[in-house]
1. Identify all residues within the stretch A:329-361 that are of a type outside the set (D, E, K, R), assigned to a strand (DSSP E or B) and buried (at least 22 other Cβ atoms within 10 Å of the Cβ); write none if there are none.
2. Confirm whether A:Arg8 is among the basic types (Lys, Arg), under 25 Å from A:Tyr204 (Cα atoms) and within 9 Å of RNA strand B (Cβ to nearest atom).
3. Return only the number of the condition from (1) away from RNA strand B (no atom under 16 Å from the Cβ); (2) buried (at least 22 other Cβ atoms within 10 Å of the Cβ) that A:Val270 does not satisfy.
4. Mind listing whichever residues of the stretch A:22-46 are over 17 Å from A:Leu4 (Cβ atoms), open to solvent by 70 Å² or more (accessible area, probe 1.4 Å) and within 8 Å of RNA strand B (Cβ to nearest atom)?
5. Could you please give the count of residues in the stretch A:364-387 that are over 19 Å from the mean Cα position of the chain (by Cα) and buried (at least 20 other Cβ atoms within 10 Å of the Cβ)?
6. Does the stretch A:2-9 contain at least one residue that is open to solvent by 30 Å² or more (accessible area, probe 1.4 Å), farther than 19 Å from A:Arg90 by Cα, in a helix (DSSP H, G or I) and of a type in the set (Asp, Glu)?
7. Name the single residue, out of those in the stretch A:58-79 being part of a helix (DSSP H, G or I) and more than 9 Å from RNA strand B (Cβ to nearest atom), that is modelled with the lowest pLDDT.
8. Of the numbered conditions (1) more than 8 Å from RNA strand B (Cβ to nearest atom); (2) open to solvent by less than 80 Å² (accessible area, probe 1.4 Å), A:Val113 satisfies every one except a single condition; which is it?
Amino acid sequence: MLDLNFIREQPEVLRKALTDRQMDSSVVDNVLSLDTERRALLVKVETLKAQRNSVSKEISQTKDAALKQEKILAMRTVGDEIAALDESTRSVEEKLQALLASIPNIPDPSTPVGIDESENVVLRTEGEIPVLDFTPLPHWELGPKLGIIDFDRGVKLTGSRFYVLNGAGARLQRALIAWMLDLHSRQGYEERYTPFMVKAETLYSAGQLPKFVDNLYHDIEEDLWMVPTAEVPLTGMYRDEVLEEASLPQRFTAYTPCFRREKMSAGRDVRGIKRGHQFDKVEMYIYCKPEESMRELEKMLADGEETCKLLGLPYRVKRLCTGDLGFNSVITYDLEVWAAGCGEWLEVSSVSNVGDFQARRANIKYKPEDGSRNRLVHTLNGSGLGMPRTMIAVLENNQQADGSIRVPEVLRPWMGGIEIIR
RNA sequence: GGAGAGGUAGCGCAGUCCGGCCUAACGCGCCCGCUUGGAAAGCGGGUAUACCGCAAGGUAUCGUGGGUUCGAAUCCCACCCUCUCCGCCA
């Protein structure tokens, strides 16, 4: 959520941001007029309340019964007026909040302006794309052939876009998770194990509600929501808290499954395990001071890149353009790894600085050591890589002519002696 | 799920029966000053957040949401959370 004062003072900056994001900027005028209306109402109602408070005090001290009765009657009228004005204020505020909650963050000025993902900018490509002397299979053929991915039984259990991992396949995913958590710990992130179900308020804090309600699984009975990413509990963790300045930056890593309805039609983009309704992910998350957030963003990106490098995966770094930038984000880098079998770059990580956007919604501040007033923290999030797609790249890039798969060196300690999946 | 006890400003607590001197006491912690060679102790002062207002100042918040009232931490209703015991259970 943006600062209302900021919108009031620099509406043109927001208008430009919305236009750059390929969105309608007329919402700005609605915000401004509601804000004006709200303040006018506040002045009125607060004057009346001040009057009521002071007269009520007088009433308690008035001895003369007739005079007392007179004052009570007068205040009865004032009370009715206050009730009516309170109601109008509440309704205006509700509208204003709903509007504010629907406005995305301001992209950093350095963000390339573009219509959609086709205008994202590739910053660099690292690692060698493997040259194979045979035709590599895509994982949706490789997996069933090796007996490590069972699509049919996933569908049988739950429905389309679900699968079962078998034996070395399940173990490989578990190895990736354990290895990544350990790696991020070494990189300075503290591990957290969080609930996988949260309340609506927590999703609101992270900016997932109300906007992305269609993409979430919801238990009506208990009114709990399945997390779409660990970013949600990691943001909500400090909701309504004030952190000590000396404790910042605080860096966390967490493994969670992620649940997304993704009501998109089947097709090329969802083939295999690329885009399931349930997938595992290891997340990186940072709380820091505003002046630190750009530096932390670069650190997080480097940490994500290290993950790819150590796995031996060729990858490229993309800078998202205004048209593709996420709702919360100021700057986003995407990491894409090359998958030899499907022959495409797969997005495995999105590393974003969201500035104070989530912190304002979640009300997360820190107490400056110089005694000045509490300030909002900045938050950053990044995937320490999404599992299925990382698995895809590991499987497809390390396949050998006989259809077996070499397990990357770094994962072997977690593979119980399995070096080749065959 | 059942019974009981609780939720008050950073923490601990008082206040709630019986509405208005609550502008929320008191203690601890923390900050500033005095004192000191320096410190402790002692003494004095300060110590929530948000919003409105150029300002003076005002408004709101005692778990949350409603209600009664001129006036609610206090009375009424609903809900949430924590603790103890019981039940159930990996």
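The values are calculated or read from the model by the stated rules, or taken from the named source; none is laboratory data. It should be emphasised that the depicted structure is a prediction, and the values quoted were computed from it without experimental measurement. Don't worry about glycine lacking a Cβ; one is built from the backbone with ideal geometry, like all the others, and counts go over all protein chains shown. Heads up: the accessible areas ignore ligands, DNA and RNA and are worked out on the full protein's heavy atoms, side chains in. Shrake-Rupley method; radii C 1.70, N 1.55, O 1.52, S 1.80 Å.
1. From the stretch A:329-361, those of a type outside the set (D, E, K, R) are A:329-333, A:335, A:337-343, A:345-346, A:348-355, A:357-359; that's our starting set.
Right, trim to assigned to a strand (DSSP E or B) and you get A:331-333, A:335, A:337-339, A:345-346, A:348-353.
Correct list: A:Ile331, A:Thr332, A:Tyr333, A:Leu335, A:Val337, A:Trp338, A:Ala339, A:Val348, A:Ser349, A:Val351, A:Ser352, A:Asn353.
2. Numbers: among the basic types (Lys, Arg): yes; under 25 Å from A:Tyr204 (Cα atoms): yes; within 9 Å of RNA strand B (Cβ to nearest atom): yes.
Yes: the conditions hold for A:Arg8.
3. (2)
4. At the first step, the residues of the stretch A:22-46 found to be over 17 Å from A:Leu4 (Cβ atoms) are A:22-24, A:26, A:44-46.
Applying the additional criterion that residues be open to solvent by 70 Å² or more (accessible area, probe 1.4 Å) yields A:22-24, A:44, A:46.
The answer is A:Glu46, and nothing else.
5. Of the residues in the stretch A:364-387, the ones over 19 Å from the mean Cα position of the chain (by Cα) are A:366-375.
From what is left, the residues that are buried (at least 20 other Cβ atoms within 10 Å of the Cβ) are A:366.
Looking only at that region, the number is 1.
6. yes
7. Pass one, the stretch A:58-79, residues part of a helix (DSSP H, G or I): A:58-61, A:65-79.
From the residues that got through so far, the ones that are more than 9 Å from RNA strand B (Cβ to nearest atom) too are A:65-67, A:69-70.
On the way: A:Ala65: 81, A:Ala66: 85, A:Leu67: 86, A:Gln69: 87, A:Glu70: 88.
Ranking the qualifying residues of the stretch A:58-79, first place goes to A:Ala65.
8. A:Val113 satisfies every listed condition except (2).
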